[in-house]
Amino acid sequence: MKSLLGAMLLAGLMMPVAARAEVILSAMPDESTAWVENYNPFNTTTRLPSITDFMFEPLVIFNAMKDGEPNYRLAESFSYSDDLKSVTFKLRNGVKWSDGEAFTAKDVVFTFNLIKANKALDVQAIWDQIDAIEAPDDKTVKITYKSPNSGLIYKIVQVYTVPEHVWSTVKDPVSFTNPKPVGTGPLTDIRRFTPQEYLQCRNPNYWDNATLKIDCMRFPQISGNDQTIAIAAKGELDWFGSFLPDIDKTYVGTDPKNHGYWFPPGSMVNFTMNFQTTNPGNHAAFNTLAFRRAFSMAMDRQAMVDIAGYGYPTLNEYPSGLGRAFHSWNDPKVTEEYGAFSKYSVEGAKAELADAGFKDVDGDGFVENPDGSKISFEIIVPNGWTDWVNTCQLAIEGLTEVGIQARLSTPDVPAWGDALITGKYDVTINSLRAGVTPHSMFDEALNSRNLGKTRYAAAHYSNPDLDKLLDSFYTTNDHAKQAEIMNNIQEKIAADLPYVAVYNNPLWYEFNTKRFTGWFSAENPVASPVVYVGVPERLLHLLALRPVEK
């Protein structure tokens, strides 16, 4: 593998641009112990991290850094009905699938009906909110909602369209690994695949090939932050996103001329107790508000930011987990009433437990439930995610100090993600993706319709009153009315504490200017710059990159 990589890099360095056979960019969008050959865009546990956006292109990309500015991709426009109960997309002319077949509105309709017939594929829970989809002609798609909604479009465009002429013959689209992928995105040709590395190359029929200057993306398998440091420091990665301790020394310092980073505000990190755990003692504790409040007060958030995160994250002591990036939505009344439960206080946590009847019955130093049942759990965190592992260790120190028994467990990423979706775990550290408004992360994590469909809903929590508030937020475009609804959402979350927010991660984004230009940065803040899954703006970034001319 090293010899192949060396040959690629050497060729890129020695040959003039015009003579290069291919321009190869090395990226690390995710850490894994081994790649699994799965090109199914609906599979959120084992699919490769370059399938959405790069192999299957969205209809529209909404740029969260520019208040949701639309960047049209497979669609060239959209419009709402006056009552906000339907949206109509006009598709772009000249789009083809990678096998040369025409991309039409029928493919979009087929895809939505496919996820309707196979609910496991409906990872955005779209069909809980829409009534129908139709294609009046080959370039028009109309989607009718169950109720007025000005924000559902952010999820609709992340249903990645698959070709009807391929997927209509698939017997089981849930387990389908899509071994001969046909897509609309810029990179659809899997040139080489092993569990340790794969090469994804140019789609000859891509509609925007004139803009694309990268021929292939190379994805090496990297299992953790320590391995990332070793490889990145040698200049073998062009684009990646990873926590690197003391980054100015460990990465930038190894090549100050070319190694750079930019960490704009990102996802909210929290501890989640599984409300549906099958362990009876833990179930009783997690479903007791006083226990959740004590858990929260046992978190030394500042130490997590300073020690585990090397100061890169942003402290989050908002009782709803809102975060500083969304502070303009903050309701100070919620902070005033519930803020004490999201601040570090060992004595406060002990008092919460004692007042609710939790006490050490068997003399082992840890509290039991008021009925005497045992409380003891693992906190699961992906193996190799060292910042999160260290955060969990600090959490366990705090929990131990207040008398709650907890241990660390480090499964591989796919097993961790599966446990969160299926609910087969007790406690985890998790993150919630930021959206155009805070509604996105709240809805994805806490709306009952998302249970069992995404790792972001890991709490397996259900609150019908909160569901109604979340569902009502986008029934209007009036910002004042949305603010009032958001205040009520914050109050419900802060009062019930379904997760324990601790800090906001930055968007982890590192780059190498030695072989490519066009990198987004604080001085060039075009869009979210990260390469990892769940941020469609990464396609905009790929299209902006250019090989360095020698």
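The values are calculated or read from the model by the stated rules, or taken from the named source; none is laboratory data. Owing to the predicted nature of the structure, the values given are computational and were not obtained by experimental measurement. Cβ atoms come from the backbone with ideal geometry, glycine included; neighbour counts cover every protein chain shown. With ligands, DNA and RNA removed, areas are computed over all heavy atoms of the protein, side chains included. Shrake-Rupley method; radii C 1.70, N 1.55, O 1.52, S 1.80 Å.
Using only the Cα atoms of segment 80-169, build the gyration tensor, take square roots of its eigenvalues as a ≥ b ≥ c, and label the shape rounded, prolate or oblate: rounded if a/c is under 1.5, else prolate if a/b is larger than b/c, else oblate. Taking the square roots of the gyration eigenvalues as a ≥ b ≥ c, segment 80-169 is oblate. The mean accessible area for residues of segment 234-351, using a 1.4 Å probe and ignoring ligands and nucleic acids, is 40 Å² per residue.
An ellipsoid equivalent to the chain, defined through the eigenvalues of its Cα gyration tensor, has semi-axes of 39, 29, 21 Å when rounded to whole angstrom and sorted largest first.
Residues whose amide H lies under 5 Å from that of Thr33, counting only those 5 or more places away or on a different chain, are Val413; hydrogens are built 1.01 Å from N in the peptide plane.
Roughly speaking, what is the centre-to-centre gap between segment 31-63 and segment 242-261 when only Cα atoms are used, to the nearest Å? Using only Cα atoms to place each centre, the spacing works out to 27 Å. To the nearest 10, the accessible area of Tyr344 is 100 Å² with a 1.4 Å probe. Counting only DSSP H runs of at least 4 residues, each contributing -39500 (n - 2.57), and dividing by the residue count of the chain, the helix-based mean residue ellipticity at 222 nm comes to -8000 deg cm²/dmol.
The listed residues Trp97, Trp519 rank as Trp519, Trp97 when sorted by accessible area, largest first, using a 1.4 Å probe.
Atom-type composition of the exposed protein surface of the chain places 51 percent of the accessible area on carbon and sulfur (1.4 angstrom probe).
The orientation-averaged shadow of the Cα convex hull for segment 78-123, equal to a quarter of the hull surface, comes to 4.6 nm².
Among the protein heavy atoms, those of Met65 account for about 70 Å² of accessible surface (1.4 Å probe, every chain in place). Residues whose amide H comes within less than 5 Å of that of Lys359, counting only those at least five positions distant or on another chain, are Glu368 (H built at 1.01 Å from N in the peptide plane). Among rounded, prolate and oblate, which fits segment 114-261 when a ≥ b ≥ c are the square roots of the eigenvalues of its C-alpha gyration tensor, a/c under 1.5 means rounded, and a/b larger than b/c means prolate? Note, shape of segment 114-261 comes out prolate.
Antiparallel versus total DSSP beta bridges in the chain: what percent is that, nearest 5?
That works out to approximately 80 percent antiparallel.
Annotation for segment 82-132 versus segment 456-523: alpha-carbon center distance of 25 Å.
The lysines whose alpha-carbon is closer than 18 Å to the alpha-carbon of Lys424, local same-chain residues fewer than 8 away aside, are Lys453. Taking a ≥ b ≥ c as the square roots of the eigenvalues of the Cα gyration tensor, segment 304-371 is oblate, since a/c reaches 1.5 or more and a/b is not larger than b/c. Note on segment 199-242: Cα-Cα pairs beyond 11 Å make up 72% of the total pair count. In segment 201-288, the alpha-carbon atoms span a convex hull of 229 Å³ per residue.
Counting Lys and Arg as +1 and Asp and Glu as -1 over every other residue whose Cβ lies under 11 Å from the Cβ of Leu244, the net charge comes to -4.
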